[in-house]
Every structure is written in structure tokens, then in C-alpha cells.
Amino acid sequence: MSKAGKNITVLVADGHAEIREAVCEYLNRMPGIHVIAEALNGFEVIAKVERLKPDIVLLDVGLPELNGIETARIVKRRFASTKVYLATLFDEALYEMEAHRVAAEGIISKSQLKRSLASLLRVAQHQANQ
């Protein structure tokens with residue numbers, strides 16, 4: 001938890017329900033982390049970020065209707081303080097430039113998701129405690 005005793009809040013967006021549910025379950029077991037919303041497409045992400053103001057948004061690059069890259073661009077433009085991480089099943093190197101271009105904080109591989117999430121959330125918690 002941060003100095004104010006506030007959990008790091010996370011919105012998880014993935015077009016595949018099984019992946020989304022597994023990620024949410026994993027994150028909710030981590031101390032100081034609270035998944036406040038799930039989304040299955042980019043338009044839903046934008047509406048929920050506007051309403052809920054999560055600290056972190058985890059986006060699947062391949063979101064339906066509005067892909068993760070475009071969703072990240074919109075979220076970062078409208079909600080600059082929200083940290084955005086992109087997740088992909090493909091080689092992260094393919095999307096690194098795009099992630100940088102839209103000002104996402106990073107890109108992680110779904111094949112290494114648990115390890116990557118644990119690392120990035122430890123960093124977010126450390127920053128919140130500064």
C-alpha cells in the first residue's frame with residue numbers, strides 16, 4: 001500500500017475472458033493491488049478509465065474494436081497520470097516502438113505474464129510509497 005494506505009488500482013483489458021479472469025485473480029492475490037475493473041474492448045477501457053481513474057491499465061495489444069495500441073494512445077492523451085502497460089502473445093520487440101510512440105510505460109509478454117506483472121507492480125508500489 002502507498003503512504004496514504006491506498007491500494008494500487010488496476011484495470012485489466014483483454015478480449016479473452018479466460019486470460020482476463022486469470023490475470024485479475026492473480027493480481028487480486030497480491031498485497032496492495034486491487035483490480036477495480038475489467039474490459040473486453042478498447043471503447044470499454046476508455047469509458048472505465050474516465051469513470052474509475054485506475055492507477056494502472058493493463059491492455060492486450062489485440063483488443064477487439066479498438067486495439068490496445070490505439071486505446072493506450074487515447075488513455076495516455078486524456079489521462080496522462082494513468083500508467084499503461086501493453087501485453088502481447090507475440091514478440092514484445094514487435095511492439096516496443098509502438099508502445100513508446102503512444103507513451104505506454106512498457107510492454108510485457110503474455111508468456112511471461114506472472115513474472116512481468118509481479119515486477120512492474122513492485123515498481124508501481126515503490127513509486128507510490130515515495
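The values are calculated or read from the model by the stated rules, or taken from the named source; none is laboratory data. Nothing here was measured: the structure is a model prediction, and the numbers come from that model. As a convention, Cβ positions derive from the backbone with ideal geometry for all residues, glycine included, and neighbour counts pool all protein chains shown.
A few points about this structure:
- Note on segment 52-74: residues that are assigned to a helix (DSSP H, G or I) and acidic (Asp, Glu) total 1.
- Search result, residues across segment 1-48 that are assigned to a helix (DSSP H, G or I), buried (at least 17 other Cβ atoms within 10 Å of the Cβ) and modelled with pLDDT of 95 or more: GLY42, GLU44, VAL45, ILE46, LYS48
- Boolean, ALA87 is at pLDDT below 90, within 15 Å of the chain's Cα centre (by Cα), over 17 Å from ILE19 (Cα atoms) and not in a helix (DSSP H, G or I): no
- Residue that is in contact with a Gly (Cβ under 6 Å, 6 or more places away or on another chain) and closer than 18 Å to SER119 by Cα, where the choices are LEU63, LEU27, LEU86: LEU86
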